[in-house]
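Asker: Handing you this structure, nothing more for now.
None of the figures in this text is laboratory data; all of them are computed from the coordinates on show. Computed from a prediction, not measured in an experiment: that's the story for all the values here. Positions of Cβ are generated from backbone atoms using ideal geometry, with glycine treated the same way; all protein chains shown enter the neighbour counts.
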Amino acid sequence: MNDPAHEIHVTTLEIVPGRKIVHSFGLVRGSAVRAHHFGTDLIAFLKNLFGGEIEEYTKVLAEAREQALDRMLSDARSLGANAVVGFRFMSAEVISGAAEMVAYGTAVRVEPPGGGAA
């Protein structure tokens, strides 16, 4: 969503520089589980023999990160937050051939130091 009224600041810091946290909504998260296709696994196996980046897996993980981030931002918006602090990604193998990507942080409402809209 590119609507400036719904823009959410996301930072790995525990603060939003130049803003004051006026309310904390707590943990927000989003996740995505992606599996590879047999063809991708075959290409990856062959590339592993000769070395180099496995672009197919890089693409799958990038898509999962974006989806997890979008879901986390949706969670934050639904609470009325305009920022997420302490943002992190985490990944884990769910089953052989499938990985979960999780985006998480703390949803907060921030304002400029003097008060008013952020």
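Asker: Taking R0 as 22 Å, what's the FRET efficiency between Ala92 and Glu55 from their Cβ-Cβ distance, rounded to 0.05?
Answerer: 0.50
Asker: Now for a different question. Report the local net charge at Ala99: Lys and Arg +1, Asp and Glu -1, summed over other residues whose C-beta lies under 10 Å from its C-beta.
Answerer: -1
Asker: Report, by chain and number, residues whose modeled amide H sits under 5 Å from the one on Val110, excluding near sequence neighbours (fewer than 5 apart, same chain).
Answerer: Long-range HN contacts for Val110: Val22, Asn82, Ala83.
Asker: Go through 72-80, 56-64 and give me the packing order, highest mean Cβ count within 10 Å leading.
Answerer: The packing order, highest mean first, is 72-80, 56-64.
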